[in-house]
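Trainee: The structure's right below; bear with me while I get my questions together.
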Amino acid sequence: MALSTEVRPEAAREVDVGPVADFEEFARSAQLRLYRTAYLLCGDAETARDLTQTTLAKLYQHWKRAGAADHPHAYAKTVLTRTFLSERRRRLRDLLVLTRTGGTDPAPAADHTDLRVTLLGALAELPPRARAMVVLRYWEDQSVASVATLLRCSEATVKSQCSRSLARLRVSLADAGLSITES
């Protein structure tokens, strides 16, 4: 029996590779940018890779909606940030359950002299939502309004949390013998 190379019209309609190809192109172009943001949020390369992959998987599931968005990169960043916050809340719940049942405390952070490592360590000490605000506001250079929209809170909350977080970062860096300028 010979294989037929003829494509039936009804079979051609069943296989629509356009959206898949569009997603693959988007994923290739956005992956590094998403990873950088994820790394700043997590402070760990492996967790950042996992977060980036989870974000891309969620985007793929809803690509019809995400691909039709006015700004798919902004949509992806929203998914990334909300996934990060959701996973942090889940880990915090697990940690609370573990400590209530007599589990061990996490190991204290080590002292680092390198500015980058020290800064990442100071960022890691911030609560997840505050860290997300600082990263989005100052690293991603987003406006107060866009951060507020992304995290579903008021602009006043973003301003106050960023101010408090920067004060904590300044103290952490001063304790390490470093300083950052006022912004």
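The values are calculated or read from the model by the stated rules, or taken from the named source; none is laboratory data. Please read all numbers here as calculations on a predicted model, not as lab measurements. What goes into the accessible areas is simple: the full protein's heavy atoms, side chains included, and nothing from ligands, DNA or RNA. Shrake-Rupley method; radii C 1.70, N 1.55, O 1.52, S 1.80 Å.
Trainee: Leaving out same-chain residues fewer than 8 places away, which lysines sit with a Cα under 23 Å from that of LYS159?
Mentor: LYS77
Trainee: Determine how large the accessible area of SER86 is when every protein chain is in place; take a 1.4 Å probe and give Å² rounded to the nearest 10.
Mentor: For SER86, solvent-accessible area is about 40 Å².
Trainee: If the chain between SER163 and ARG36 were fully stretched, how many nm would it gain, using 0.36 nm times the residue separation less the Cα-Cα distance?
Mentor: Numbers: separation 127, 0.36 × 127 = 45.72 nm, distance 2.31 nm.
Full extension from SER163 to ARG36 adds 43.4 nm.
Trainee: Normalised by the empirical 2.2 N^0.38 Å for globular proteins, what value does the Cα Rg of the range 116-177 take? Working shown, then result.
Mentor: Working: Rg = 11.6 Å, N = 62, 2.2 N^0.38 = 10.6 Å.
Here the Cα radius of gyration is 1.10 times the empirical estimate.
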